[in-house]
Every structure is written in C-alpha cells, then in structure tokens.
Amino acid sequence: MKLQSICAETITVLAIAAFSISAAGAESKPNVIIIYTDDQGTMDLGCYGTSDIETPHIDSLAARGVRFRQMYAPSAICSASRAGLLTGRFPARAGVPGNVSSLEGTPGMPTEQVTIAEMMKDAGYATGHIGKWHLGYTPETMPNAQGFDFSWGHMGGCIDNYSQFFYWNGPNRHDLWKNGEHIHEDGLFFPDGMVREMNAFISRNREKPFFIYWAINSPHYPLQGTDKWRERYKDLPSPRNKYNAFVSTLDERIGSVLKHLDASGLTDNTLIIFQSDHGHSTEERAFFGGGSAGQYRGAKGCLFEGGIRVPSIVTLPGVIQENQVRDQFATGEDWFPTIAELCGIDLPKRHIDGRSLKKVLLSDNASSPHETFYWELGKGKNVQWVTREGDWKLMGNPTDRSNKAPITKDDKLFLSNLAIDPTEMTNLASRHPEVVERLSKIQSNYSNSIRQSLAEE
C-alpha cells in the first residue's frame, strides 16, 4: 500500500511537472508578425541612410533588432514575391512565376502549396491576413483557404485607397473582402483600415500565440499619402515628394500598431519581420519613379540588384540582440524555415528552398546558409533568370527597369561580381567564360529541379 501511495504521488508530481513544462512552452511561443511593404525602394528608410524620408517607427525596429544589408526578395514582381515568402520556395516552384490576375474568378497559387499560415495554424497559432493578397481570386485560392483564420483586405494587385476600387484594367471593380465575403467601406482610408484590423486581431488573440501576415499595399501606386506628409514634402521634386509622403504615411501606421502591441504587453514575445516585396516601381502609374535603389541598378520587374535587394529588419526581444547589422546573403524564402525554428515548429515534409537564418540572426560570424541561389521571373524563352554563387551573379535575358544603362545584344548573359562592382554597370561575361559556364550549369540544374517539382505536384 505504501509503495502504491508513493508511486501514485510520484505519478501526480510528474504529471503536474509535465503540464507545467507544456504550459510554459506554449506561453513562450512567440507571436509572429510579417510586415510586407509593396514597391519600396532598396534604400528608402532612414536606417538605410536615406535623409529625405522620415521613418522613425521602422527605424526603431532596426534599433532593437537586426538590419540586413544583403537581403533579397523572392522575386521582382508582386505575386511571385509573395508566393516565395509564404511557401519558402522559389516562386516558379510554388507555381507563381509572375503576377496573378486581379480579376475576380481567376485562380492563383496552386492549392497544393503549403503556406506559413497553414504551418502555424497546425501548430496552434491563430492566423491572420490583413492588406493585399494578389495570390488568387477564387474561393480556393483566397486567404481563408490558404491557412488564414481571418482575412481583411483586397485580393487584386492594387486599389484606390479611398474607394477600394481597382481602376487599372477595365471594367472598374470594387475590391474589399472580409473572410471571403465582399464588403463595402466607402471613404475609409485603406491604411487606417489595416491598422484597425491589425489592432483588433491582436486584441482578440492576445491570450494565445498568433501569426499575422500584414501585407501593406504602399508605397505601391496610387501614391496617396496623407495631407500631413504631402505638406511635409511639398518642396521636393516630383515624383519623390509623392512617394516619400506615402512611405511616411505607412511608417506612421506601423507605429500605431507597434504602440498597440506594446500597450497589450506583447512586444517582448513577438517576432517582427519587416521587408519590402521587391524594388521600387518605375511604371507610368508611379510617375516613372520616386523610389530609390541608391547605387544599385534596376527596379521592380527586373533582376538587377535594385529589383531584388530589399530593406529587411527582424526583432525578437531577448533572443535577437539590438542594433545589429548583417551582411550575410539571405532571401525572402528563408523566413519560412526561420520562423519554424524560432517557434519550435516542425517544417512540412516537402521541398523548401529557403534555409533558416537563426544562426545568422544570433551571430555576426555565422555563414550565409546559401552557397548558391536562383531566381526565375516570367515564362517562355525570354524568361529572366539569375544564378548566384558567392559574389558572382549571372543573369539571363536581363532587363533594366531603372534605365541606368542600355541592354545590348551582347548582354543576353550578364555576369557581375558584387564584391567588385555592386552597381552592375559592366558585363564581365566575356572576361570570365569559365564562371559563365559554371553558373549556367547551376542554372540548368535549378531549372530542371523546378520543372520536376511541377510535374510531380
């Protein structure tokens, strides 16, 4: 009897201890917020050295975390970049090599893809999408079917921020949705609506871990900054004045959410990732520019550095040291496995092109997890592609949307060494044929791997 009593007591103590450990583990799981801006230039933050834009709230994130100087977007175009981020795969492998249609009823990212939201939801997280989607406009490919418990925002590529209409291809059509239902909030300034929904989601889910994908639709055109910021930059030349006003407007909205997160007592247990989806736009609807890639050649829609090298910041108090800078090569696909590792979640059993950046985040001496990497944009024989190996970068069928220099018939293969010339103004292909041959073989291997994945899935 005495032995049975001791055993019963021991089992009870062990059970309580196990429950306590389990509960502590659940409590220690960090919340995760990805802030993904739209068409923001490589250098367009105060913490990246820009002196003519006020971005104090984003700069405050850099002051309390890690800022990357060599972070690359998954692609140079909106939908593809988002697919790469959310699946951890090359966008082409995720079935989104370019932009998805903004027309209702048109599918987007294939449903067999596994998103960060699906991974987090399976791990017990509340999951929310707020802002832009642009990854499919059918019930099966909209956010609620791709792992998000809650969704509020627009499904197409862009909207007017006051009417929520998509005007850029006829017919004009209204585009505002909540959990798969079409809604109307005419006159609402969309960035303010995002803040409202962000803060409400945080408040509703403060007692359990949550994951939010905040896909901000600015500074993508139309450049609709608030009167406060338009007045602040009125003396700058156009279109820089319009662009800056929209960047500072988005920074102010980010500040409102950071303030609410702090007031909710959640800052110290929240992983925040800030990043642009790709470089700045030089399209007519953006007044042919406004954003800045600094010394880098290229812009949105091309694979020169200005199209894919993006501002990127990450914070997690108590884990990631403050005011750090990293020069290691990293990509947007890496956030999928990085989030999984930092949150103690097993990765889905499928091919992931990204690699965890945890070691890089924790140590300046850690190596980049990538020896080589690959980008592929568009379809057909003129598809743009890039193979990266160390500092060597080989582009196929390059396009320069910044128009910093002409592309000639001799530039079909364009080789640069970013350590020697980060501006990519000189094609080194003829001087280093052995490097071209080696990187071309790597490109062929990546391309074949993608084709095989698509055939199998």
Checklist entry - Is it true that some residue in segment 63-73 is farther than 30 Å from Thr226 by Cβ and in contact with a Phe, Trp or Tyr (Cβ under 7 Å, 6 or more places away or on another chain)? => result yes
Checklist outcome for this item: Taking segment 416-449 and keeping residues more than 15 Å from Thr372 (Cα to Cα), within 29 Å of the chain's Cα centre (by Cα) and surrounded by 16 or more Cβ atoms within 10 Å (Cβ to Cβ) leaves Pro422, Thr423, Glu424
Checklist entry - When residues of segment 211-247 are filtered for being more than 20 Å from Ile53 (Cβ to Cβ) and surrounded by fewer than 24 Cβ atoms within 10 Å (Cβ to Cβ), how many remain? => result 0
Next on the checklist: On the basis of being polar (S, T, N, Q) and either within 19 Å of Glu283 (Cβ to Cβ) or touching a strand residue (DSSP E or B) at 6+ places or on another chain (Cβ under 9 Å) (or both), does Asn199 make the cut?
Outcome noted: no
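Residue-by-condition table, conditions (1) under 19 Å from Leu361 (Cβ atoms); (2) aliphatic (A, V, I, L, M); (3) part of a loop (DSSP other than H, G, I, E, B):
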{"site": "Leu61", "(1), (2), (3)": "yes, yes, no"}
{"site": "Ala76", "(1), (2), (3)": "no, yes, yes"}
{"site": "Arg93", "(1), (2), (3)": "no, no, yes"}
{"site": "Val96", "(1), (2), (3)": "no, yes, yes"}
{"site": "Leu103", "(1), (2), (3)": "no, yes, yes"}
Item to check | Test result for Asp334, touching a Lys or Arg at 6+ places or on another chain (Cβ under 6 Å), under 22 Å from Asp277 (Cα atoms) and surrounded by fewer than 16 Cβ atoms within 10 Å (Cβ to Cβ) | outcome: no
Checklist outcome for this item: Counted residues in segment 341-377 being surrounded by fewer than 19 Cβ atoms within 10 Å (Cβ to Cβ) and among the small types (Gly, Ala, Ser) come to 4
Next on the checklist: Just to be sure before I move on: is Lys404 of a type in the set (Lys, Arg), under 23 Å from the mean Cα position of the chain (by Cα) and under 18 Å from Gly306 (Cβ atoms) in the structure I sent?
Outcome noted: no
Checklist entry - Filter segment 66-88 for residues that are crowded, with 24+ Cβ neighbours inside 10 Å and of a type in the set (S, T, N, Q); which is nearest to Gly294 (Cα to Cα)? => result Ser75
Checklist entry - Taking segment 193-203 as the search range and keeping residues that are touching a residue at least 40 places away in the same chain (Cβ under 8 Å) and of a type outside the set (Val, Ile, Thr), which one is farthest from Val32 (Cα to Cα)? => result Gly193
Next on the checklist: Looking at Phe166, Phe148, can you tell me which residue is surrounded by 15 or more Cβ atoms within 10 Å (Cβ to Cβ) and within 25 Å of Ala286 (Cβ to Cβ)?
Outcome noted: Phe166
Checklist entry - Here are some residues: Ser256, Ser248. Which one is touching an Asp or Glu at 6+ places or on another chain (Cβ under 8 Å), in contact (Cβ under 8 Å) with a residue 60 or more places away in the chain and hydroxyl-bearing (Ser, Thr, Tyr)? => result Ser248
Checklist entry - In segment 155-196, how many are of a type in the set (Gly, Ala, Ser) and either in contact with a strand residue (DSSP E or B) (Cβ under 7 Å, 6 or more places away or on another chain) or under 16 Å from His129 (Cβ atoms) (or both)? => result 4
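Bear in mind that the values in this text are calculations on the coordinates, not laboratory data. From a predicted model like this one, the values you see are computed outputs, not experimental measurements. Note that each Cβ is placed from the backbone with ideal geometry, even for glycine, and that neighbours are counted across all protein chains shown.
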